[in-house]
Amino acid sequence: MKKRVLSGIQPSGKLHIGNYFGMIKRMVEYQDSSDLFCFIANLHSLTTIQEQSKLKELTLEAAMDMLALGIDPEKAHFWVQSDVPEVAELTWILSCISSMGMMERAHSYKDKIAKGIQPSLGLFNYPVLMASDILIIQAESVPVGKDQKQHLEMTRDLATKFNHQFGETFTIPEPDIQKTVATVPGTDGQKMSKSYDNTIPIFGTEKEIKKAVMSIVTDSKGVDDPKDPDTCNVFAIYKLFANETELKEMTEAYQKGGMGYGEAKKKLLAKIQDTFGPFRDKRAELEANPKKVEEILHVGAEKVRKISLETLETVREKTGLKY
Ligand code: ADP
Ligand code: TRP
């Protein structure tokens with residue numbers, strides 16, 4: 001049997017190149033070698049987006065982006081989180097065995113509050129919903145960016161605790177965090193994130209992408225000054241797209257001096273356009289046919305509900321909820 005691999009992505013803004021290198025690209029690769037489960041985490045997005053038309057639009061757009069970038073519903077399970085309501089029931093059950101101490105240590109919660117996001121019970125409980133996403137499918141491996149590492153640890157803790165308390169039920173999932181691409185920096189040098197307004201959108205208009213690239217923060221070294229590639233945001237992003245030769249050339253240009261940041265940004269812009277250009281036609285085709293996208297998502301959800309119900313029935317049984 002192929003390994004069960006699962007990951008989700010929040011539709012809380014336009015998908016960006018951090019999402020692509022941290023998650024989407026790897027999911028597309030995994031759909032051949034494993035039994036892939038890939039979903040749009042709209043229940044998670046509700047913690048930050050509370051505007052009907054926006055959430056609806058972003059959910060469908062994220063689905064189109066993923067399909068255009070290569071997620072194939074014939075190979076992978078692909079659905080929207082809220083179409084599988086079983087996950088919300090499991091969230092409640094797991095929240096009853098989640099200790100406050102563990103929850104209060106969550107970095108992502110603390111970071112979001114520090115960024116000015118209003119704390120809510122949903123935001124606080126976010127890691128338990130994520131654990132439910134993973135455990136209800138009995139996923140064995142979860143490819144995510146480094147920022148999600150602690151959520152995976154919490155998931156493993158919860159699964160172990162449940163198994164110990166109620167008997168073997170859940171598979172303990174392994175985090176799959178890529179070594180080469182850790183965290184993609186945003187235009188301001190922090191983690192690129194939909195929540196921080198510092199992204200380079202994959203399918204933005206040419207103008208949007210250009211504006212984002214040109215706004216990447218650099219130090220104030222002049223054209224002729226030698227520059228340090230290891231501390232430069234433009235270089236860190238260029239590195240994701242470049243092959244070995246291109247990388248070597250860029251490193252030399254930095255160290256030697258003579259190339260300004262403006263020129264480095266232009267090279268990066270060209271790389272971004274070359275990489276995502278070929279996916280744009282497929283994206284446009286999907287956009288012209290939203291009914292087809294909805295149909296793909298519904299079929300995906302039906303299949304996933306069957307699997308989820310199986311796990312949930314065991315959980316209901318073991319906890320005594322089934323009487
Ligand atoms: P965002 O922070 O933009 O809201 P999500 O939290 O929805 O992104 O992340 C979706 C997926 O993309 C996750 O697997 C996450 O680890 C990955 N990811 C998000 N931002 C980055 C980044 N800057 N670098 C690497 N991976 C990222
Ligand atoms: N919290 C994840 C993120 O922001 C998205 C997500 C929700 C997820 N549920 C998941 C990722 C389950 C992996 C597995 O990136």
* Structure fact -> Taking the dipole of the chain about the Cα centre (Lys, Arg +1; Asp, Glu -1; charges at Cβ), the one of 68, 79, 205 that reaches farthest to the positive side is 205
* Asked: When you take every Cα atom in the chain, what is the radius of gyration, and what is Dmax, the widest Cα pair distance, in Å?
  -> 21.0, 76
* Quick one: which of 171-177, 159-165, 22-28 comes out on top by average Cβ neighbours within 10 Å, and what's the full order, highest first? -> 22-28, 171-177, 159-165
* Asked: Can you give the Rg to Rh ratio of the range 89-142, both from alpha-carbon atoms, with Rh computed by the Kirkwood formula?
  -> 1.00
* Compare the peptides 254-262, 143-151 by average per-residue count of other Cβ atoms within 10 angstrom and give them in order, highest first. => 143-151, 254-262
* **Rh (Kirkwood; distinct C-alpha pairs) - the range 194-284, Å** => 13.9 Å
* Structure fact -> Ordering 219-230, 7-18, 60-71 by per-residue average of other C-beta atoms within 10 angstrom, highest first, gives 7-18, 60-71, 219-230
* Size of the dipole of the chain about the Cα centre, Lys and Arg at +1 and Asp and Glu at -1 on the beta carbon, nothing else charged, in debye to 20? -> 320 debye
* Structure fact -> Taking the convex hull of the alpha-carbon atoms of the range 149-190 and averaging its shadow over every direction gives an area in square nanometres of 3.7 nm²
* **the range 194-323, relative contact order [Cα under 8 Å, separation at least 6], %** => 22 percent
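What net charge is computed for the residues neighbouring residue 218, neighbours being all others with C-beta under 14 Å from the C-beta of residue 218, Lys and Arg scored +1, Asp and Glu -1?
Taking every other residue near residue 218 into account, the sum is -1.
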* **About the Cα centre, charge dipole magnitude for the range 194-284 (Lys/Arg +1, Asp/Glu -1 at Cβ), debye** => 440 debye
* Mind checking the angle between helix 149-166 and the chain's longest principal axis? C-alpha axes, 0 to 90 degrees, to the nearest 10. -> 10 degrees
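For the chain, what is the relative contact order in percent, using Cα pairs closer than 8 Å and at least 6 residues apart in sequence?
In percent, rounded to a whole number, it is 23.
Read-outs throughout are calculated quantities, based only on the coordinates presented, and are distinct from any laboratory measurement. A quick note: this is a predicted structure, and the numbers were derived from the prediction, not measured. A quick note on method: Cβ atoms are made from the backbone with ideal geometry, for glycine too, and the neighbour counts reach across all protein chains shown.
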